[in-house]
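Values in this text are rule-based calculations from the coordinates and carry no lab data. Given the structure is predicted, the values throughout are model-derived calculations rather than measurements. Counting neighbours? That spans all protein chains shown, and the Cβs are built from the backbone with ideal geometry, glycine included.
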Amino acid sequence: MDVVVRRARREDLDEVIRINELTLPEHYPRWFWEDHLRNWGEAFLVAEVEGRIVGYVMTRVEYGPGYVVPEPMVRKGHIVSIAVLPEFRRRGIGTRLMEEAMRVLRDVYGCKEVYLEVRVSNTPAIRLYEKLGFRKVRVIPMYYLDGEDAYLMARPL
């Protein structure tokens, strides 16, 4: 299977939003997607198989205390949302999206670390992030709208 990971374009947003709505319980208004594409578009990526978008990763850049980099103020990448269509999972697409997003966050945006939130019950995602070098930093109680806790996971870049 030939997978192409590329920068998302404005015309991709309808399909990216559709994938989000099909695969994740957390949804955002269209302006939120457009804002991230406009401001941090180099690290807003899609994965294509035979010209069809099958996954995406949306990120942003923030400043604040480091989670894993011991600095009082650090530029950090935030993985806001990542999803792959169910029929394309377990083929390395999520790994490719994450690796490329982390590379861009480091090389283009100058981030020193990257972090994300993940449901404590989402074992497959937690395993993927641990394989990519993330570690659990803390639990965020009742992070999700349905009341589930999240792990905040981070790694240096």
Within 10 Å of each residue's Cβ, count the other Cβ atoms and sort 23, 123 from fewest upward. 123, 23
Given the candidates 116, 144, 67, the one whose Cα lies deepest towards the positive end of the charge dipole of the stretch 3-156, counting +1 at each Lys or Arg C-beta and -1 at each Asp or Glu C-beta, is 67
Approximate spin-label separation residue 34-residue 120, in nm, with each point projected 7 Å along Cα-to-Cβ: 3.8
If I stretch the segment between residue 9 and residue 95 completely, what's the gain in nm (0.36 nm per residue apart, minus their alpha carbon distance), one decimal? 28.9 nm
Say each of residue 142 and residue 18 gets a label point 7 Å from the Cα, pointing the same way as Cα to Cβ; how far apart are those two points in nm? 3.7
For the stretch 21-72 and the stretch 104-150, what is the separation of their C-alpha centers, rounded to whole Å? 13
Rounded to the nearest 20 Debye, what is the dipole magnitude of the chain about its Cα centre when Lys and Arg each give +1 and Asp and Glu each give -1 at the C-beta? 520
